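Note sheet for the following structure.
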Amino acid sequence: MSTTASFRTHEVPDDLLAAIDYCYDQGWTDGLPVVPPVVDRVKAMLAADSRPADTVIARHPATGLDLSLHAAAVNAVMAGCLPEYFPVVVAAFEAMDKPDFNFHGSTASTGGSAPLVIVSGPYADEIGMNADVNLFGPGNRANGTIGRATRLILRNVFQMLPGISDKSTQGNPGKYSFCIAERARGNPWPPLCEAQGYPKGTSSVTVYAGGGFCNVENHGGNTPEQILSSVADAMANYGCITLGQAVVILAPEHMQIVAGAGWTREKAQAYLFTQAKRSVDGMKSVGKYRDREYDTQHGEGAHALAEAGFMHRGLTPDDILITMGGGDAGGHSCFIPSWSRGRGSIMQHSAIRAPDK
Amino acid sequence: MQLYSPLSTTPKRKAVRAPALGSIDGLRIGILENGKLNAEEMLNEVAALFVQHHGCTVRTLASKKNASAPAPSNTLVQVAQEVDFLITGLGD
């Protein structure tokens, strides 16, 4: 591919282990060994997108650094991606490039969020992603390496370097990799890609600045209210509650209880929004109450379910993304809190450009 | 073995500092607060020191809705017309 001829190369000895060490020496890794980005592998990765290699797919809002398809492909190779994963990596950055995602802030902040990548639609199965047991890993190459490519691009292309431009107080294990597929098998609700308005057959990537991972265990509840109240309690704990959004991944056991009783995604969202709240007095007792935030939630345009005297998580039920994932056994759902304290990053989605077959 | 560089190929931007003010005595101050918990209080305290020691006047308090995003350009253009220098910073 002649368009790659102008991209910078490094000549290293024909020794794979030496090449891995070379990548370490250059400061190109996340701390783990990378696959050396040899020319042929990068070209194979680029073949998964029909556009020219110098096409810019994202731009850093503060530094002006561009992400080209070529640089994305180099980092995808280093992360261990196969070429068929590349459209997901590209779509993730096309979504993150939307201004409201604010990927500079969510990556640089002391809050320590990591971009959670959620793949919805048939492409997840086509490339062998895991939506089932051990959803958040480890064990699946596609999930693990797509998430890792996201991190390596943030590090190498956008120079979000730990301790220098990434000032996260405690970091986040998701900063190594944070990528899942929505489970389609046995899912009673429409897939996210359909709910997002994409045509049938088009898969999507949703990106969300996730501030961690909170397991929600409930093996005794057997009504939607019992299950979702335990989720809502996690969403509203004093350490997590903000005006920010939420991602909730219901375990299949929990989904059976919720949807089996006839609850739709919209009804579950409304229930969670109603229940995930703390009183103003309670918020004051831990020093987290701010008039400005209360006014944002309860002022002009407030959602009808926002209850006076309380701070809810988020501004509307639509701020809560709910879907299903994980193995068949176990009453273990999860809540992913948003980055930091509010509306600094809003989740975004983008269509996956599946390569022509 | 040839390896491709994983870095951005964007040329480095040429950033230049604004020229230093010859004197700050009697100048007009703007404050740009970023919406964080103690930002306004901290910046007001800093501005008060300039008022006290250099006879400055505080003209403008501008706010950002998003602490981690660049200030909107129209905010900066407006503030630049009203003040001689601007104080900003984090305020957690």
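No lab work stands behind these numbers, since they all come straight from the coordinates. Just so it is clear, the structure is predicted and the values come from calculations on it, not from any experiment. Note that we place each Cβ from the backbone using ideal geometry, even for glycine, and neighbour counts take in every protein chain shown.
Worth a mention:
- Karplus-derived HN-Hα couplings along the stretch A:128-134 (A = 6.51, B = -1.76, C = 1.60, θ = phi - 60°), whole Hz, x at Gly and Pro: x, 6, 9, 10, 10, 4, 6
- Projected label distance in nm at residue A:56 and residue A:9, using a 7 Å step from Cα toward the beta-carbon: 2.6
- Dividing the summed helix terms, -39500 (n - 2.57) for each DSSP H run of n ≥ 4, by the number of residues in chain A produces a 222 nm estimate of -9000 deg cm²/dmol to the nearest 500.
- Taking Lys and Arg as +1 and Asp and Glu as -1, the other residues whose beta-carbon sits under 11 Å from that of residue B:32 total -1.
- With a cut-off of 12 Å between beta carbons, the residues surrounding residue A:107 carry a summed charge of +3, where Lys and Arg count +1 and Asp and Glu -1.
- Taken over the protein assembly as shown, the percentage of Cα pairs per 20 Å bin, counting from 0 up to the bin with the maximum distance, is 23, 50, 24, 2.
- DSSP bridge orientation in chain A - percent antiparallel, rounded to nearest 5: 75
- For the stretch B:6-79, radius of gyration divided by Kirkwood radius, i.e. Rg to Rh on alpha-carbons: 1.08
- nm² value of the averaged projected area, convex hull over the Cα atoms of the stretch A:57-189: 8.2
- Projecting the Cα atoms of B:83, B:38, B:63 onto the dipole axis of the stretch B:28-88, where Lys and Arg carry +1 and Asp and Glu carry -1 at the beta carbon, places B:63 farthest toward the positive end.
- Cβ-based exposure ranking for A:30, A:14, in which fewest neighbours within 10 Å come first: A:14, A:30
- Farthest positive-ward along the protein assembly as shown dipole, Cα basis, beta-carbon charges - from B:5, A:258, A:137: B:5
- Anchor residue A:288: lysines whose Cα lies under 16 Å away (excluding residues fewer than 8 positions away in-chain): A:277, B:36
- The mean number of partner chain beta-carbon atoms within 10 angstrom of a residue's beta-carbon across peptide A:64-72 is 4.
- Subset of A:43/A:200; A:98/A:200; A:167/B:14; A:175/A:200 violating a 29 Å alpha-carbon distance limit: A:43/A:200; A:175/A:200
- Charge dipole of the protein assembly as shown (Cα centre as origin; +1 on each Lys and Arg Cβ, -1 on each Asp and Glu Cβ, all else neutral): 540 debye, rounded to the nearest 20.
- Around residue A:212: net Lys/Arg minus Asp/Glu count, Cβ-Cβ under 15 Å: +3
- Mean Cα-pair separation over length for the stretch A:45-139, i.e. relative contact order, pairs under 8 Å, 6 or more apart, %: 24
- Sorted by Cβ density within 10 Å, fewest first, the residues A:334, A:214, A:193, A:179: A:214, A:334, A:193, A:179
- Sorted ascending by nearby beta carbons within 10 Å, beginning with the fewest, A:78, A:311, A:129, B:42 become B:42, A:129, A:311, A:78.
- The aspartates and glutamates whose alpha-carbon is closer than 13 Å to the alpha-carbon of residue B:12, local same-chain residues fewer than 8 away aside, are A:66.
- Low-density loop positions, trypsin sites (Lys or Arg not before Pro), the stretch A:165-247 - DSSP coil, at most 12 other Cβ in 10 Å: A:185, A:200
- Part-to-part distance (alpha-carbon centres) for the stretch B:15-57 and the stretch A:38-107, which is given in Å: 40
- Test item: Cα-centred dipole of the stretch B:28-88, Lys/Arg +1 and Asp/Glu -1 on Cβ, debye: 160
- Projecting the Cα positions of A:10, A:335, A:44 onto the charge dipole of chain A (unit charges on Cβ atoms of Lys, Arg, Asp and Glu, taken about the Cα centre) puts A:335 furthest along the positive direction.
- Fraction of the pair-distance distribution of the stretch B:42-92 above 12 Å, Cα-Cα pairs, percent: 67
- Paired Rg and Dmax values of the stretch A:253-341, which use every Cα atom, in angstrom: 15.2, 45
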